[in-house]
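I have placed the structure first, in the form of structure tokens, so that the comments after it can refer back to it.
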Amino acid sequence: MKDLGANQVIAADLINHDPTLECKYYQLDVRDKEKYEAIVQEEGVDYILHLAAILSSLGEQNPDHAYDVNFHGASNALNIAKDHDCQLFLPSSIAVFGGPNF
């Protein structure tokens with residue numbers, strides 16, 4: 001079971017480290033491919049769960065920024081996963097599917 005638990009998780013976000021997290025943490029902008037890739041390499045990451053995105057309400061206020069983060073962040077995740085033989089989970093939000101409440 002040594003492959004399970006907080007010691008096997010690496011979190012990354014724009015914000016400063018949250019001391020309540022029990023896992024390793026990096027401050028990262030997913031548009032920074034060099035840093036993103038360096039973390040994957042240095043930590044021996046084999047599975048990327050990419051959740052970074054600007055959602056529609058904020059994205060509508062600044063569409064260029066939303067495109068930059070959403071497209072380039074996802075593109076970086078895809079290329080890094082390919083180049084370093086990582087599995088990648090890049091989920092979509094329900095907002096892309098529409099429906100009566102969107």
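The charge dipole of the chain, taken about its Cα centre with unit charges on the Cβ of Lys, Arg, Asp and Glu (plus for the first two, minus for the last two), comes to roughly 200 debye. A Gaussian network model of the chain, with springs between Cα atoms under 10 Å, assigns the largest mean-square fluctuation among ILE15, ILE80, ILE48 to ILE15. Bridging of LYS82 to lysines at a Cα separation below 18 Å is possible for LYS33, LYS35, once same-chain residues fewer than 8 apart are set aside. Distant-in-sequence amide contacts of ALA12, defined by a placed amide H-H separation under 5 Å and a gap of 5 or more residues or a different chain, comprise TYR26.
When the GluC sites (Glu not before Pro) in segment 1-59 are filtered for DSSP coil states and for at most 12 other beta-carbon atoms within 10 Å of their beta-carbon, the remaining sites are GLU22.
Label-to-label distance for LEU51 and LYS24 is 1.9 nm, based on points extended 7 Å past Cα in the beta-carbon direction.
From the Kirkwood radius over Cα pairs of the chain, Stokes-Einstein at 10 °C and 1.306 mPa s returns a whole-number translational diffusion coefficient of 106 µm²/s. Shown for segment 29-89 is the translational diffusion coefficient from the Stokes-Einstein equation, using the Kirkwood radius over Cα pairs, a temperature of 20 °C and a viscosity of 1.002 mPa s: 180 µm²/s.
Computed over the chain with a Gaussian network model linking Cα atoms closer than 10 Å, the most mobile of ASP13, ASP46, ASP64 is ASP64. Rounded to the nearest 10 degrees, the inclination of helix 73-83 to the longest alpha-carbon principal axis of the chain is 40 degrees.
Each value in this text was obtained by applying a stated rule to the coordinates, not by laboratory testing. Here the structure is a predicted model, which means the values were calculated and not measured. No Cβ is skipped: glycine too gets one built from the backbone with ideal geometry, and neighbour counts run over all protein chains shown.
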